[in-house]
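Below is one structure, written out as structure tokens; the observations come after it.
The values are calculated or read from the model by the stated rules, or taken from the named source; none is laboratory data. No experiment lies behind these values; they were computed from the predicted model shown. Every residue, glycine as well, gets a Cβ built from its backbone with ideal geometry; the counts of neighbours run over all protein chains shown.
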Amino acid sequence: MSTDSGDTPSSATDRREAVREKAQRVHVRQSRARIARRISLGVLATAAVAAVATVVVWSVTSTMGGRDLTPSTASSDGFAVSDVTGVAADQGAIDESAVEATPGSDKAATPAPTASATAAPVDIRVYVDYLSPGAREWQLANVDQLTTWVDQGAATLSYHPVSMLTAKSNGTKYSLRAAAAAACVATHDESVFFAYNTELLTRQPAMDTDGFSDVELADLAQAVGASDPEKLRSCIEDGDFIEWAKDATERAIAGIPDTDGLELTGTPMILVNGQPYMGALSDAAEFSQFVLTSASDAFYTEQTPTPTPTAPAETPTPTAPAE
């Protein structure tokens, strides 16, 4: 009599193989699920990092203002000179020999305009590129009398930094960086702006050289007595006003405000009551005469002519008739 013990050995083996295959399939599915989750988490993490980076960059740019700042003290892209203390005697005489004197001119005898109670001060605007040899020549020739005029209230003086010679410094863009540095000084310590402006021109690097680095430009600001050198250093070295200097130059080339259609074509451009000075840059006497003439024209234009009294006609004396 035979006994039926259930599954045969072969069927048991088949079941074990089926279980192993099913386990392998489950393992594969779980592995794929884990990989998918990792990929998803990686994508999410990358997106989160990118979002944070974007926020950080925006925050830093907003805080530094780096490429969108406008100098708070600028008026028509220029900076008024408010303090001339300690400039002429020291800086104007540094390179006196570098200024070529005009034959027949006597700088010591140059008359200075005096303030008038009835006429407004003469308005002097200077469009300056700190790499322009002509700008240096004019500044050194006139720094003494400019100081006197501003100190006496006979003239208002403003400088408009521009960057027309940016390509003339071996790729360092010195002209642009110097203009931006001057804007930093005018913004953060306008009391030393005239001194810094004169220092940049007195120590002007030669054309087609690297010029001063940003660190050296900041050092100069500290040397002229800036009250907050760290803030100025940050402004200069971070290039806060680089874009402003570019835009200000383009605006001046397109048209000078408050003039009869003048455009900036070269530097320096010196305007006296809106009229360009066309004389010798090194001749202080000639420039002084131009200023005096402009001041006189402004004075007489503003005055109301007073009729000159005329003497009454004389009555002829009667003569005795002939006898």
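Here is a check on your reading of the model: is Ala221 among the small types (Gly, Ala, Ser) and under 16 Å from the mean Cα position of the chain (by Cα)?
For Ala221, the condition - among the small types (Gly, Ala, Ser) and under 16 Å from the mean Cα position of the chain (by Cα) - is met.
Residue-level analysis places Asp247 outside the set of residues that are under 15 Å from the mean Cα position of the chain (by Cα), in a loop (DSSP other than H, G, I, E, B) and not aromatic (Phe, Trp, Tyr). Among the residues of segment 273-293, those identified as assigned to a loop (DSSP other than H, G, I, E, B) and closer than 14 Å to Arg125 by Cβ are Asn273, Gly274, Tyr277. Selection of segment 258-272 for residues being over 17 Å from the mean Cα position of the chain (by Cα), assigned to a loop (DSSP other than H, G, I, E, B), of a type outside the set (Ser, Thr, Tyr) and within 18 Å of Leu157 (Cβ to Cβ) yields only Asp258.
Residues in segment 201-223 include at least one that is in contact with a Ser or Thr (Cβ under 6 Å, 6 or more places away or on another chain) and buried (at least 21 other Cβ atoms within 10 Å of the Cβ). All conditions but one from (1) within 23 Å of the chain's Cα centre (by Cα); (2) modelled with pLDDT of 95 or more; (3) surrounded by 14 or more Cβ atoms within 10 Å (Cβ to Cβ) apply to Glu286; the one that does not is (1).
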